[in-house]
Structures are given as C-alpha cells and as structure tokens.
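The values are calculated or read from the model by the stated rules, or taken from the named source; none is laboratory data. This structure is a prediction, so every number in the text was calculated from the model and none was measured. Reconstructed Cβ throughout: ideal geometry from the backbone, glycine too, with neighbour counts over all protein chains shown.
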Amino acid sequence: MRPDSGYVGSVRIRGHFVQYTWGSLFKTDGRRSSFNKSQKQPTETVIMMRYYLLALGCVVLSQAVVGSRPDFCNLECPEFDSVRTTDDYEVRRYRDTKWVSTKVSSVNFGLASSSAFQKLFAYIRGENEAGVDIDMTQPVLVKIPEETTWWLWKEYTVSFMLPQEHWSNPPRPTNTDVYVEVMPQMTAYVKSYGGWADGWSTDSHRQEVEQKLTEEGRTFEDNFYFSAAYNGPYVMTNRRNEVWVLRN
C-alpha cells in the first residue's frame with residue numbers, strides 16, 4: 001500500500017485502539033478523532049508508536065559498520081557473513097537468531113503483511129506477559145510459500161527479530177496468534193532492490209534468483225522464500241528490499 005493510501009489499520013495496545021495511516025496516527029476510544037491544535041498533546045502510546053514507525057522508516061544512511069551491522073541497517077539486524085557477491089545475488093551465511101512471529105492466511109501479500117504487522121507491533125509495545133517495551137529491529141521478514149497459482153490463499157509468516165538482549169528470556173506473547181521461534185543458521189542467496197515490496201515484485205525477483213541458480217546447477221529451497229523489508233512507509237527514496245532464497 002502506498003503512502004497516500006489513507007487508512008492502514010488499527011492496533012489494540014494496553015486497552016486502547018490506535019489507528020494509523022502512512023501520514024498520521026490516531027488514538028480512539030470507540031470513535032476516530034484526529035489530532036488538531038485544539039486538542040491535548042498525544043498520549044504516550046501514540047507518541048511511542050510514532051517513534052517506532054519513524055525509527056523503522058529512517059532514511060538509510062551511509063555510515064561505518066558498527067560491529068557486524070551492515071551499512072544499510074539503522075536498527076539492530078541479524079548478523080551474517082558475506083560469503084560471495086555476484087552480479088545477480090549475494091551469498092550470506094546467517095547466524096542463529098530469535099524472532100517473534102505470526103501467521104496470516106490471505107490471497108494478498110500486502111493485506112497479510114499489514115494484518116501481521118499490527119499483531120507484532122502490539123507485542124513489542126507491551127502486549128507480552130512481562131509488559132515490557134521491546135526495541136524495533138530490521139528487517140520485517142515475510143516467509144512466502146511458493147505456489148504456481150497466484151490466486152490461491154497462502155499462509156504467510158511475518159516476523160520481527162528480537163533484540164539480542166531478549167534472546168535468553170524472551171517475553172511470552174499474550175496474543176495466542178503470536179509466538180517466539182528460533183531461526184537456525186542458514187545460507188541464503190540474496191537479491192536486493194529498491195521501490196516498494198509487494199507480491200508481484202517479490203515474486204519477480206525470486207524468479208530471477210532461482211533462474212540464475214538453476215543455470216549454475218545450484219540447489220536451493222523451492223517450497224518457500226523470504227521477503228525482507230528495511231524501510232517504513234515514511235521513506236520515499238533509497239528504499240531497500242531483499243528476497244532470500246535459501247541454499248539446501
């Protein structure tokens with residue numbers, strides 16, 4: 001969904017419903033009411049939600065690598081070793097990571113991502129048994145099953161990586177649709193691209209990578225692949241998206 005698309009969704013956080021668009025956020029108690037000069041300052045919930053969406057949407061800056069963080073990450077990212085880079089893809093070896101995830105069934109990549117994002121965002125904003133706020137990370141990862149018929153319903157798995165400080169004792173989600181999982185170390189063929197990630201673009205780039213791997217005689221996972229998005233809706237230029245095809 002593009003930034004001028006208007007209403008995106010709402011999130012229930014600590015008893016309050018927060019509605020948001022790409023351009024503004026709303027807090028409601030049964031009815032919608034946008035902020036204006038005559039109203040009071042936004043609540044802490046709305047302020048913090050703005051902060052996290054803006055943090056995710058920060059412009060990707062050219063900066064020195066801090067530790068093993070790649071230069072296209074502004075927030076904490078999964079660590080990896082770059083094994084090899086070609087004109088068509090990069091080979092990355094990822095380390096074990098811990099993620100908070102949820103599954104959504106839909107015929108549409110965008111609708112599935114938006115619905116899942118709401119649940120995961122509520123989790124990091126305190127909808128967990130510890131009642132703690134958790135820092136946003138990058139990227140937002142979507143596991144997409146490969147289907148030959150695009151109109152079939154698919155089960156998408158959308159995930160936020162947990163910051164490493166929470167790996168040893170991750171807060172348990174209060175929403176039964178949300179769960180914490182370990183993603184074991186893996187090797188991925190990665191292709192990056194700009195613009196906006198949607199169902200068509202992710203599948204198109206996935207096909208390009210798989211075609212090249214097939215030509216080279218390489219084996220890869222062909223039951224699913226990953227879409228990784230590094231920018232929020234406020235970023236209009238220099239956007240970064242990736243597709244990850246796993247090596248068998």
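Q138 fulfils the conditions (1) buried (at least 22 other Cβ atoms within 10 Å of the Cβ); (2) touching a strand residue (DSSP E or B) at 6+ places or on another chain (Cβ under 7 Å) except for a single criterion, (2). Screening Y193 on (1) in contact with a His (Cβ under 6 Å, 6 or more places away or on another chain); (2) closer than 19 Å to Y94 by Cα; (3) not polar (S, T, N, Q) shows it passes everything except condition (2).
Look through I134, I144 and report the one residue that is in contact (Cβ under 8 Å) with a residue 12 or more places away in the chain and in contact with a His (Cβ under 7 Å, 6 or more places away or on another chain). One residue alone meets the criteria, I134.
Just one of (1) within 24 Å of R239 (Cα to Cα); (2) touching a Phe, Trp or Tyr at 6+ places or on another chain (Cβ under 8 Å); (3) not in a helix (DSSP H, G or I) fails for T102. It is (1).
Looking across the stretch 214-242, the residues that are more than 23 Å from C73 (Cα to Cα) and without any contact (Cβ under 8 Å) to a residue 60 or more places away in the chain come down to T214, E215, E216, G217, R218, T219, F220, E221. The combined condition, being in contact with a Leu (Cβ under 6 Å, 6 or more places away or on another chain) and of a type outside the set (G, A, S), is not fulfilled by K103. Anything in the stretch 60-104 that is surrounded by fewer than 18 Cβ atoms within 10 Å (Cβ to Cβ), at pLDDT below 95 and among the polar types (S, T, N, Q)? List them, or say none. S62, Q63, S68, listed by residue number. Note on the stretch 77-127: among residues that are among the basic types (K, R) and closer than 20 Å to R240 by Cα, the one that is farthest from the chain's Cα centre (by Cα) is R84.
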